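Any read-out appearing in this document is the output of simple, stated calculations on the displayed coordinates, not a laboratory observation. Because the structure is a prediction, the values reported are computed rather than measured. Please note: Cβ atoms are built from the backbone with ideal geometry, for glycine as well, and neighbour counts cover all protein chains shown.
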């Protein structure tokens, strides 16, 4: 059974108070995605002949190859939506949005390396180290991580908002966040003492932190109140975990062609997964409960959070 | 002939106006190095049992192993000295100082990887991927780079100074700076069309940018005038290049035991070097001219820059 049919077996995920039809949500997200893609294109170094730019052409190519491989742009879109829900403009949050995508992309490049997950395929195309080489992939990842902080520092105003965004991004992606989660994940491989608590501790860092960060950064650029910021943080934490559970379910049951990567990869590697530890139905129930919690957390924002609310439900239905 | 004897064959490198005896300079630098080491120890994640910290113990160990391998701490010491010369305190610049050492260390960890320079030995000890493993080394590097930006954002005040420091650090270490230089260096390997101009373009980015950054960050935390900032920037650019030339000379002629790494490694790899392209004597002359230029650039700071001035001369005498 496909995850996309999950909603038909559960109470209707579309609450009666929604102001956005699914097609409106899709249009809003698609518009945001396009704005992010244009901004990323402007922020990434140009591919120019030797001597024309301080950035070697091969490095610029590898950075662009990985960032411009498509993808949902979920993290940057979340940052734009959060900023807008708090009354800021999309332009205010664009540097943070692009920085989030750069950090996400760098993490994929490094995770795919032979010494890590050793993946040949990502988003349906050869991974960066396959399309280029390992050294270039390591450096392209390093360059994207560094550039992320540069653009937030350069284009976020006023300065205290920039500093806050940089702190959020660094904490979410550093040794206590994403990188720590990746390390814990590698260490857990093949271990048989997996518990839901341990798995959650890994995912809170490995993927959750960088899904929560967009909400906090959106609030920071808008200089939102503590109450609103905390609401968005809780929303981000809940959808982040829900997103990971769906990811695990897709890995067990997903369609390889739609995913653009090898299905059942995690279970083949002996990695802990939610379906593996909890069972498929309990995993689905948990994802649903988290989406419910995310929507509740948006209360302080009222109707300004309609798009974020609808997005929480939609995440449950994704099939890639 | 050893580099440490270079001074005996050139006009006295110690100008008559110096206020610091060599032993005073050594004491000042040693004190700064100790302050940096203490601060780094505070900033690095603690090694704690599973579940006690969000940072996995193995990751914290690898980060500490590489950062605490000794080293001259030249970059952080330069940042402290520059800040002090501009009237700020060492405490004001400590986050920037530690961030510079973290970025420097991450670059060494990644450069040593099998896919890059493939080095087994660094500062006389096994490299990070030899002491741990490749995946841990990649992640430890990523974590140090991220933590660098986090600590500057957290502990540099006021916010505009923090933003400026982050911009300087990111530009110096990103695709237009250090990472770009490393890429260009890898691409140049084995190519026979080396010129001094091309080599300088590589080194300006690969090592020069991160030696110039401490001076600019020191000026930024002190919110120094444009004139003083530009003077320190020029000083940093000149000593950065001089440092690299001496490095190349040491690679040709240095003592392996003192260097803590394999001598003649660069020439074995077919890398372009200053002695290789210019000859040994012309390389020495160039390093001396750059040190002279660095000292001239300190003019706007007057006697407050005495330590930096003496340091420029001392760089010529280093033997590791």
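Just a few scattered comments:
- Stretch gain in nm, segment residue A:72-residue A:253, where the contour uses 0.36 nm per residue and the Cα spacing is subtracted: 63.2 nm
- Inter-chain shielding of B:101-108 (mean C-beta neighbours from other protein chains, 10 Å cut-off): 1
- Taken over the C-alpha atoms, the protein assembly as shown has Rg and Dmax values of 25.6, 87 angstrom.
- Label points for residue A:302 are taken 7 Å from Cα along Cα→Cβ. From this copy to the others they lie 6.0 nm apart, shortest first.
- Each Cα pair under 8 Å and six or more residues apart adds its sequence gap; the mean of these over the residue count of chain B is a relative contact order of 22 percent.
- Protection-proxy order for peptides B:26-34, B:231-239, each taking the mean of Cβ atoms within 10 Å per residue, highest first: B:231-239, B:26-34
- Inter-copy spacing of residue A:72 label points, which lie 7 Å from Cα along Cα→Cβ, given in nm from shortest upward: 5.0
- Pair residue B:280, residue B:24: separation of 7 Å Cα→Cβ label points (nm): 3.5
- Efficiency of FRET between residue A:52 and residue A:223 - r from beta-carbon atoms, R0 56 angstrom, step 0.05: 0.90
- Cα-based Rg and Dmax for segment B:153-198, where Dmax is the largest Cα-Cα distance (Å): 16.1, 49
- Ranked by the mean number of other Cβ atoms within 10 Å of their residues, highest first, the peptides B:86-98, B:109-121 fall in the order B:86-98, B:109-121.
- Sorting A:240-251, B:207-218 by their mean Cβ neighbour count within 10 Å, with the most densely packed peptide first, gives B:207-218, A:240-251.
- Cα-Cα P(r), segment A:19-315, percent of pairs per 5 Å interval: 1, 6, 12, 16, 19, 18, 14, 9, 4, 1, 0, 0
- At 7 Å out from Cα toward Cβ: residue A:279 inter-copy label distances (nm, ascending): 8.3
- Computed over chain A with a Gaussian network model linking Cα atoms closer than 10 Å, the most mobile of A:286, A:154, A:304 is A:154.
- All Cα pairs of segment B:58-127, percent lying beyond 21 Å: 34
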